Structure formats: C-alpha cells, structure tokens
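In what follows, a structure is listed as structure tokens, so that the remarks can point back to it.
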Amino acid sequence: MAVFELWRKICRTGRVAEPAPARPSGRSCPKAAALAGSVQLRHVDAGSCNGCEIEIGSAFGPVYDAERYGARLVASPRHADALLVTGPVTRNMAVALRRTVEAVSEPRIVVAVGDCAIDAGEFADGYGVRGPVAAVVPVDVQVPGCPPEPEAIVAALRGLTGR
C-alpha cells in the first residue's frame, strides 16, 4: 500500500528541480566562435594563494558541473584551447607562462581568474611578483573576485562555449 501512496505523491508533485540558468546572450570573447560549443582548458597557477584553485575545483565538481556546458580540464597545454590562469605572475613563472601560452593551439584564449590574476591583488608590489597576467601575456577574458565564486567561473566558461 505504501508504494501506491508514494506513486500518487510523485504524480501530484511532478518534477521538482531548480530552473536552468539563463542562456548567455552571446560569446564573451570574439576568438571563442571557433571553439564550436566546447572548450578544452589547461589550468596554470602563476603564483596564487590557492583560493581560486579551490573555486575552480568546485566549478568542475558535481554541484556546478562546468563540463555539462562543454568545458573540460585537460592535462597538457598541447591539448587545450584555452588557459585558466590564477594568481599574480611571479618572477619564476613569467617564462613558464609564456611558453605554456605558446604551446596552446590557435585561437588561444587566456582567462584570468581572480583579482590577483587581473591586477596582482594583495601581492601587487611584492618583490617576487612580476605583475598581473596581462603584463606577461594577452588576456581575453577576466573573472573578478577574491576568490571568484564558482557561478562566475562557470558563467565565463559558458560565454566561451556559447552554451
């Protein structure tokens, strides 16, 4: 008898879920049109405090699931279409970041994630800091925040994929 009561409750209630997020109005980056709805991403930590890395992990975790919008993390810049760069660029990472950007195939897209990547944040005048990501390589998309929320990261990635 309890099975039939549960069945009736399911039929009366219907589907209960959060509404889907609004579709992006367009692509946030002119280069993204060539990506055809999916983007392979390589993450580069240029000297961050790891706050942004935690949020990127959340954005690709089961709750926010950035992969359902066509964004996927890959292990090599040679397999990537875009780079997610976090943190201010330290003196030791400037050359490595340039080489990583050169290894990404055209059209390469660089996404600066977090305030430190955008303007060097708290580390702006530090001895070991070269500066923001844009001072070392061209940046196409910025995701502000310290650290940025996973929703903001997913929104930027949806702008790249157009989904």
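The values are calculated or read from the model by the stated rules, or taken from the named source; none is laboratory data. For clarity, every value in this text was computed on a predicted model and none was experimentally measured. Using ideal geometry, Cβ is built from the backbone for each residue, glycine included, and neighbour counts are taken over all protein chains shown. Heavy atoms of the whole protein, side chains included, go into the accessibility calculation; ligands, DNA and RNA do not. Shrake-Rupley method; radii C 1.70, N 1.55, O 1.52, S 1.80 Å.
Some points to look at:
- All of (1) surrounded by fewer than 23 Cβ atoms within 10 Å (Cβ to Cβ); (2) modelled with pLDDT of 90 or more; (3) hydroxyl-bearing (S, T, Y) hold for S28 with one exception: (2).
- Qualifying residue in region 55-62 (condition: aromatic (F, W, Y), assigned to a loop (DSSP other than H, G, I, E, B) and open to solvent by 40 Å² or more (accessible area, probe 1.4 Å)): no
- A135 fulfils the conditions (1) in contact (Cβ under 8 Å) with a residue 12 or more places away in the chain; (2) under 16 Å from D45 (Cβ atoms) except for a single criterion, (2).
- Among (1) in contact (Cβ under 8 Å) with a residue 60 or more places away in the chain; (2) in contact with a Gly (Cβ under 9 Å, 6 or more places away or on another chain), the one test that N92 misses: (1)
- Matching strands (runs of 3 or more DSSP E) fully within region 90-163 where at least 3 residues are open to solvent by less than 10 Å² (accessible area, probe 1.4 Å): 109-113
- Residue in region 1-21 that is among the aliphatic types (A, V, I, L, M), modelled with pLDDT under 90, open to solvent by less than 100 Å² (accessible area, probe 1.4 Å) and within 22 Å of A155 (Cα to Cα) present: yes
- Within region 76-89, if we keep just the residues that are part of a strand (DSSP E or B) and within 14 Å of the chain's Cα centre (by Cα), the residue that is farthest from P148 (Cα to Cα) turns out to be A82.
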